[in-house]
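All of the numbers you see were taken from the coordinates with simple rules; none came from a lab. All values reported here derive from a predicted model rather than from experimental measurement. Please note: Cβ atoms are built from the backbone with ideal geometry, for glycine as well, and neighbour counts cover all protein chains shown.
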Amino acid sequence: MEAITTTGAADLEVIIVGGSYAGLSAAMALGRSLRRVLVIDGGLPCNRQTAHSHNFITQDGVVPAMIAGKARDQVLAYPSVQWINGMVTEARKEAGGFVITTASDESFHTLRVLFATGIYDMLPELSGFQACWGISVLHCPYCHGYEVNGKRLGIMANGDIAFDYVRLIHQWSKQLTLFTNGPSTLVDAHRQKIQQHGIAIIETPVSGVAHVGGYLSGVMLASGEVEVVDALFYRPAFRQHCDLPVALGCNLTEQGYIQADDFGKTNVPGVFVAGDNANMMRSVAAAVAAGNKAGAWINRELVEEQF
Ligand SMILES: Cc1cc2nc3c(=O)[nH]c(=O)nc-3n(C[C@H](O)[C@H](O)[C@H](O)COP(=O)(O)OP(=O)(O)OC[C@H]3O[C@@H](n4cnc5c(N)ncnc54)[C@H](O)[C@@H]3O)c2cc1C
């Protein structure tokens with residue numbers, strides 16, 4: 001039988017898997033509720049390559065790791081909150097709660113588990129995309145649009161999604177080029193509207209982006225031509241960063257998010273989620289709000305159980 005570690009004199013009440021913005025926010029609400037909490041974090045937040053985070057009041061333009069670092073310092077000042085660097089590799093239900101196991105083979109018993117594990121961006125295997133991701137290949141205009149407003153911007157998308165994306169990015173710049181990366185699947189009405197706004201549509205497949213240190217200078221086409229742009233907007237497909245909630249029985253939405261109510265409660269009793277893994281509104285502010293609500297709701301459930 002495996003050894004179950006208790007990290008202090010008393011058993012854990014909550015384990016938070018993922019110690020980025022959502023997980024830390026939940027840990028703060030729970031630490032302030034005197035709950036015995038362990039945060040286990042793999043250290044790979046999705047925005048780690050971005051130089052400056054925007055659109056979160058009090059932290060606008062701050063390096064993402066500094067926001068998380070300050071949050072961690074504040075959260076770990078609460079004595080009932082503990083932290084481990086590492087990956088959780090197994091989670092299983094057990095009478096009265098869950099057993100959570102890490103890659104280094106430590107196991108912990110807990111009454112509730114919160115997954116704040118984010119999502120994994122599946123970037124295309126195109127030259128330069130990975131290096132430019134979050135620097136000049138951008139997904140979110142609310143996060144990075146202001147910094148490139150009025151510049152020559154590319155959008156790589158096709159079909160209805162492309163129309164929607166072009167319309168949105170047009171708010172930040174009128175110098176737009178749409179790259180459909182293969183034959184266009186735009187409906188005629190959308191194609192006409194895009195062209196009426198003077199936006200070129202390029203259907204030649206994209207082979208990559210030309211860049212220096214993540215800052216792109218153009219979109220490279222399979223024809224050998226390079227279209228000059230200052231930044232490229234692109235929304236990659238994603239998958240859950242961590243499969244354990246699904247392995248525990250959590251339902252996913254059609255879009256691939258973990259299904260949960262407004263307080264992060266999933267269909268599996270005792271399993272909560274917060275942040276990008278359960279919310280298409282992808283921002284630091286939204287992740288912090290979700291963690292804050294989930295933390296309070298977990299405490300409430302424990303209060304009702306224990307009083
Ligand atoms: C390139 C890029 C730039 C962005 N820029 C901005 C911006 O400027 N402003 C803004 O508001 N938002 C921005 N965002 C969105 C923002 O970064 C996310 O909404 C936010 O990081 C979500 O926080 P989270 O805690 O849900 O997930 P994440 O920050 O992704 O953190 C998830 C954490 O869980 C850990 N984890 C996953 N699985 C396990 C496991 N099995 N065991 C242990 N740990 C695990 C990971 O290592 C990671 O530390 C950006 C996103 C991207 C991709």
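In segment 151-247 the Cα-Cα distances spread across 5 Å bins starting at 0 as 3, 13, 23, 22, 17, 9, 6, 5, 3, 0 percent of all pairs. The average projected area of segment 31-115, computed from the convex hull of its Cα atoms over all directions, is 6.7 nm².
For the chain, the cysteines with no partner cysteine C-beta closer than 4.7 Å are Cys46, Cys132, Cys242, Cys250. Give me the net charge for the shell around Arg300: Cβ to Cβ below 12 angstrom, other residues only, Lys and Arg +1, Asp and Glu -1. Here the charged neighbours net out to +1.
What FRET efficiency, computed as 1/(1 + (r/R0)^6) with R0 = 45 Å and r the Cβ-Cβ distance, is obtained for Gln306 and Asp164, rounded to the nearest 0.05? For Gln306 and Asp164, the calculated efficiency is 0.40. Once backbone amide H atoms are built at 1.01 Å from N, Ile84 has Val39, Ile40, Asp41 as its partners under 5 Å, excluding neighbours fewer than 5 places away on the same chain. Straight Cα distances below 29 angstrom link Lys265 to the lysines Lys70, Lys93, Lys293, with same-chain residues fewer than 8 positions distant left out.
For the chain, the normalised intensity computed at q = 0.07, 0.09, 0.16 Å⁻¹ comes to -0.32, -0.52, -1.18 (log10 of I(q)/I(0), Debye sum over alpha carbons, equal scatterers, no solvent). The magnitude of the dipole of segment 124-234, with charges of +1 and -1 set on the Cβ of Lys/Arg and Asp/Glu and taken from the Cα centre, is near 280 debye. Comparing Met156, Met122, Met28 in a Gaussian network model of the chain (Cα springs below 10 Å), the most mobile by mean-square fluctuation is Met122.
Tell me, in nm to one decimal, what length is gained between Asp105 and Asp60 on full extension, where the rule is 0.36 nm per residue of separation less the Cα-Cα distance?
Fully extending the segment from Asp105 to Asp60 adds 12.3 nm.
Positive contributions from Lys and Arg (+1) and negative ones from Asp and Glu (-1), summed over other residues with Cβ under 12 Å from the Cβ of Phe179, come out at -3.
What order, most packed first, do the peptides 277-290, 140-153 have when packing is the mean number of other Cβ atoms within 10 Å of each residue?
Highest to lowest by the protection proxy: 277-290, 140-153.
Grab the DSSP H runs of the chain that are 4 residues or longer, score each as -39,500 (n - 2.57), total them, divide by all residues and round the 222 nm result to the nearest 500 deg cm²/dmol. Here the helix-only value at 222 nm equals -7500 deg cm²/dmol.
Bridging of Lys193 to aspartates and glutamates at a Cα separation below 15 Å is possible for Asp160, Asp164, once same-chain residues fewer than 8 apart are set aside. If you count the DSSP beta bridges with both ends in the chain, what percent of them are antiparallel, to the nearest 5? Roughly 45 percent of the DSSP beta bridges within the chain come out antiparallel. Between the Cα long axis of helix 21-31 and the first principal axis of the chain there is an angle of about 20°, rounded to the nearest 10. The spacing between segment 199-230 and segment 72-107, judged by their C-alpha centroids, is 44 Å.
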